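The values are calculated or read from the model by the stated rules, or taken from the named source; none is laboratory data. The structure displayed is predicted, hence computed values, not measured ones. Please note: Cβ atoms are built from the backbone with ideal geometry, for glycine as well, and neighbour counts cover all protein chains shown. Areas reflect the complete protein model, heavy atoms only, side chains present, ligands, DNA and RNA absent. Shrake-Rupley method; radii C 1.70, N 1.55, O 1.52, S 1.80 Å.
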Amino acid sequence: MTGTRRGDRRPAEGSPVARVCVDVPLPHLDRPFDYLVPDTLDADARPGVRVKVRFAGQLVDGWLLERVAESAHPKLAYLEKVVSPVPVLAPEVAELARAVADRYAGSLADVLRLAVPPRHARVEKDVTATDPAGAGATPPTATDPTPVDPRGWRDYPAGPAFLRALTAGRAPRAVWSALPGEDWADRYADAVAATVAGGRGAVVVVADARDLDRLDAALTAVLGTGRHACLSAAAGPARRYRAFLAARRGDVPVVIGTRAAMFAPVERLGLVAVWDDGDDLHAEPRAPYPHARDVLLTRAQLAGVAALVGGYARTAEAQLLVETGWAREVVADRATVRARMPAIAPTGDDPHLARDPGAASARLPSLAWTTARDALRADLPVLVQVPRRGYLPSVACADCRAPARCPHCAGPLGLPSAEGAPACRWCGRVAAAYACPECGGRRLRASVTGARRTAEELGRAFPGVPVRTSGREEVLATVPAGAGLVIATPGAEPVAEGGYGAVLLLDSWALLTRADLRAGEEALRRWLAAAALARPGSAGGRVVVVADGALAPVQALLRWDSAWFATRELAERRELGFPPAVRMASVTGVADAVADLLAGAALPDGAEVLGPVPADEGRERMLVRVPRARAAALAGALHAAAGQRSARKAADPVRLQIDPLSLF
């Protein structure tokens with residue numbers, strides 16, 4: 001859709017001024033710019049379309065936000081082109097994008113790049129050819145909605161009431177703690193079906209493709225085919241854009257997907273939901289680094305719609321929603337939890353290795369080995385969770401346990417294979433004649449054993465038993481019933497038909513001792529996700545965690561009580577002044593650039609500047625902490641300071657992140 005020659009242009013009648021968000025990633029240009037709409041583009045220049053405009057002498061992309069009658073600027077340039085007459089940016093999404101940009105100290109253009117997928121002209125042509133008017137399907141209107149069968153929601157006292165509220169068109173907000181063995185995808189499908197029965201739409205965000213496939217199958221079974229769209233960057237440009245257009249045109253009332261779906265345009269939105277909000281895949285790695293949970297909660301607040309935050313574990317952020325009264329918790333009573341959960345036992349601080357030589361080689365405590373042996377004898381599969389990928393990330397002296405380091409550069413040594421000599425992971429030199437400088441010992445042991453090495457060792461411990469691995473190279477979705485060992489890294493655990501007879505959680509200290517604010521929360525989340533795959537209580541599933549039973553995350557696992565741990569975690573963060581009890585911003589860059597930005601920022605009263613601490617590649621990081629009530633002021637001050645630097649063309653970039661996942 002082209003424009004006209006410049007000399008022949010005349011302004012359109014009626015609202016001749018277009019307000020455009022120009023796609024320029026500079027903070028000081030984060031505002032709409034006014035352009036005249038030529039009369040030849042009047043019909044196509046609708047709010048939400050992609051346009052081309054002249055900006056600083058160049059032809060750049062933009063989004064037309066609105067048409068108005070007049071501008072405060074006396075002399076305006078004309079729109080050069082309407083790229084496509086399809087209004088891809090919905091007004092509700094534009095409002096949400098502005099709120100997200102303000103919350104994360106970012107620019108609207110950056111958020112719109114995340115919200116609207118790149119145009120695929122062939123897909124757009126095919127879709128508009130089938131429906132030139134662009135009306136799409138008419139979303140369902142339920143004058144007398146039929147209640148949805150609560151099914152598994154009956155196990156939660158507040159569950160059926162939550163579904164009834166969705167069907168009635170109200171806006172309940174729930175934090176759901178799933179029971180062991182719960183088919184979470186079916187429960188989410190029930191909530192979506194209740195929303196659709198009430199004549200409204202839904203957006204559901206999950207962490208990865210495996211979860212998306214499960215939810216896709218569950219929704220298809222409940223709603224039928226063609227009633228929802230799947231939005232995922234992994235689907236490819238054409239399929240993603242086709243799904244996006246289906247939602248934007250109102251062809252489907254429901255959109256599900258990975259974090260790419262958090263901005264999905266849905267008509268008559270009634271529910272936003274996120275599963276397993278503690279998974280770090282929900283955090284967008286591109287500026288301004290929004291988190292899917294927070295985007296969806298912002299959306300629920302702006303649109304006045306229902307919200308559902310669910311998982312086997314509960315994050316401190318979800319607990320804050322409950323404690324502030326923003327959401328209500330949906331949990332089962334303790335009797336139901338005890339009846340559904342598998343038998344869970346810790347091995348203690350210093351467990352004895354099993355007497356079997358193969359088990360000793362595999363580092364299995366006696367309890368873990370006997371639990372796995374009994375499950376295999378009962379012809380049941382066994383899941384072994386190992387918190388590291390690969391072979392041996394690092395090794396230590398087998399006698400004194402001092403870390404084994406390279407004699408040349410002091411880098412960590414690792415074992416590339418079972419028969420290979422130790423080699424440095426920094427300089428690559430082989431240390432075939434390694435001797436411990438502390439005790440002189442020459443034997444090495446794994447500091448943390450990776451999935452492949454664990455598979456080898458367990459294969460020797462249980463000869464004749466099939467061994468499967470699931471991790472970065474190949475992630476299994478399901479495994480068959482019957483005796484077998486499944487070695488998986490966290491997040492890659494496949495579902496076993498009928499559930500696992502035993503789940504072994506190894507190397508737990510590798511999760512608990514990470515230098516991370518969320519180490520305990522993340523360890524519990526990963527343990528619960530794996531333990532939930534065990535056969536439920538009466539069916540005889542057993543879980544063994546190689547850890548001290550007195551530790552708080554282990555106690556929460558033993559009782560299957562993530563709410564208790566989340567309450568404790570949030571209280572500790574309040575005491576220490578960490579998110580989500582406060583708002584914290586991370587400012588990263590070279591030292592002079594960080595100092596320059598902070599010097600120009602009008603930080604709100606009560607702001608506390610912490611640091612600097614080393615970052616990566618010669619950069620440093622400063623942290624700025626404020627009470628939650630001053631969060632908006634902090635984000636605004638940092639964005640304004642970044643705008644000042646970009647306006648004077650400061651050479652060194654600075655990365656701004658609000659409440660980053662990693663603070664250490």
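Sort through Ala235, Ala264, Ala247, Ala273 and tell me the only one that's buried (at least 23 other Cβ atoms within 10 Å of the Cβ) and free of Cβ contacts under 8 Å to residues at least 24 places away in the same chain.
Numbers: Ala235 fails: buried (at least 23 other Cβ atoms within 10 Å of the Cβ); Ala264 fails: free of Cβ contacts under 8 Å to residues at least 24 places away in the same chain; Ala273 fails: free of Cβ contacts under 8 Å to residues at least 24 places away in the same chain.
Answer to the selection: Ala247.
Can you tell me which residue among Thr469, Thr478 is open to solvent by 60 Å² or more (accessible area, probe 1.4 Å), of a type in the set (S, T, N, Q) and in contact with a Leu (Cβ under 9 Å, 6 or more places away or on another chain)? Walk me through it before giving the result.
Details: Thr478 fails: in contact with a Leu (Cβ under 9 Å, 6 or more places away or on another chain).
Just one listed residue meets the conditions, Thr469.
State yes or no: is Arg573 within 30 Å of Gly348 (Cβ to Cβ), assigned to a helix (DSSP H, G or I) and of a type in the set (Lys, Arg)?
On the way: within 30 Å of Gly348 (Cβ to Cβ): yes; assigned to a helix (DSSP H, G or I): yes; of a type in the set (Lys, Arg): yes.
So Arg573 fits the description; yes.
Tell me which residues, restricted to region 365-393, are modelled with pLDDT under 75 and surrounded by 21 or more Cβ atoms within 10 Å (Cβ to Cβ).
Passing the criteria: Arg388, Leu392.
Scan region 185-205 and tell me whether some residue there is basic (Lys, Arg), out of contact with any Lys or Arg (no Cβ under 7 Å at 6 or more places or on another chain) and crowded, with 23+ Cβ neighbours inside 10 Å. Give the derivation first.
Going through region 185-205, the residues basic (Lys, Arg) turn out to be 187, 200.
Narrowing the set further to residues that are out of contact with any Lys or Arg (no Cβ under 7 Å at 6 or more places or on another chain) leaves 187.
Among the residues that remain, those that are also crowded, with 23+ Cβ neighbours inside 10 Å are: 187.
Taking every residue of region 185-205 in turn, at least one turns out to be basic (Lys, Arg), out of contact with any Lys or Arg (no Cβ under 7 Å at 6 or more places or on another chain) and crowded, with 23+ Cβ neighbours inside 10 Å.
Among the candidates Arg573, Arg625, Arg583, Arg619, single out the residue that is in contact (Cβ under 8 Å) with a residue 40 or more places away in the chain and open to solvent by 30 Å² or more (accessible area, probe 1.4 Å).
Details: Arg573 fails: open to solvent by 30 Å² or more (accessible area, probe 1.4 Å); Arg583 fails: open to solvent by 30 Å² or more (accessible area, probe 1.4 Å); Arg619 fails: in contact (Cβ under 8 Å) with a residue 40 or more places away in the chain.
Going through Arg573, Arg625, Arg583, Arg619 in turn, just one is in contact (Cβ under 8 Å) with a residue 40 or more places away in the chain and open to solvent by 30 Å² or more (accessible area, probe 1.4 Å): Arg625.
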Mind checking which residues of region 37-62 are on the phi > 0 side of the Ramachandran plot and of a type in the set (A, V, I, L, M, F, W, C)? Ala56
When every residue in region 491-532 that is open to solvent by 30 Å² or more (accessible area, probe 1.4 Å), without any contact (Cβ under 8 Å) to a residue 60 or more places away in the chain and part of a helix (DSSP H, G or I) is compared, the one farthest from Val386 (Cα to Cα) is Leu512
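From the list Ala105, Ala90, Ala94, exactly one residue is touching a His at 6+ places or on another chain (Cβ under 6 Å) and buried (at least 16 other Cβ atoms within 10 Å of the Cβ). Which is it? Write out each step before concluding.
Details: Ala90 fails: touching a His at 6+ places or on another chain (Cβ under 6 Å); Ala94 fails: touching a His at 6+ places or on another chain (Cβ under 6 Å).
That would be Ala105, the only listed residue that is touching a His at 6+ places or on another chain (Cβ under 6 Å) and buried (at least 16 other Cβ atoms within 10 Å of the Cβ).
Identify the residue in region 587-607 that is assigned to a helix (DSSP H, G or I) and free of Cβ contacts under 8 Å to residues at least 60 places away in the same chain and, among all such residues, is least open to solvent (accessible area, probe 1.4 Å). Explain how you work it out, then say what you get.
To start, the set of residues in region 587-607 that are assigned to a helix (DSSP H, G or I) comprises 591-599.
Then drop every residue that is not free of Cβ contacts under 8 Å to residues at least 60 places away in the same chain, which leaves 591, 595-599.
Working: Ala591: 45, Ala595: 60, Asp596: 55, Leu597: 3, Leu598: 28, Ala599: 87 Å².
Among them, the one singled out is Leu597.
I'd like the residue in region 324-335 that is out of contact with any Leu (no Cβ under 7 Å at 6 or more places or on another chain) and in contact (Cβ under 8 Å) with a residue 40 or more places away in the chain and, out of all such residues, is least open to solvent (accessible area, probe 1.4 Å).
Val330
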Looking at region 165-178, which of its residues are surrounded by fewer than 22 Cβ atoms within 10 Å (Cβ to Cβ) and either in contact with an Asp or Glu (Cβ under 9 Å, 6 or more places away or on another chain) or of a type in the set (Gly, Ala, Ser) (or both)? Ala165, Ala168, Gly169, Ala171
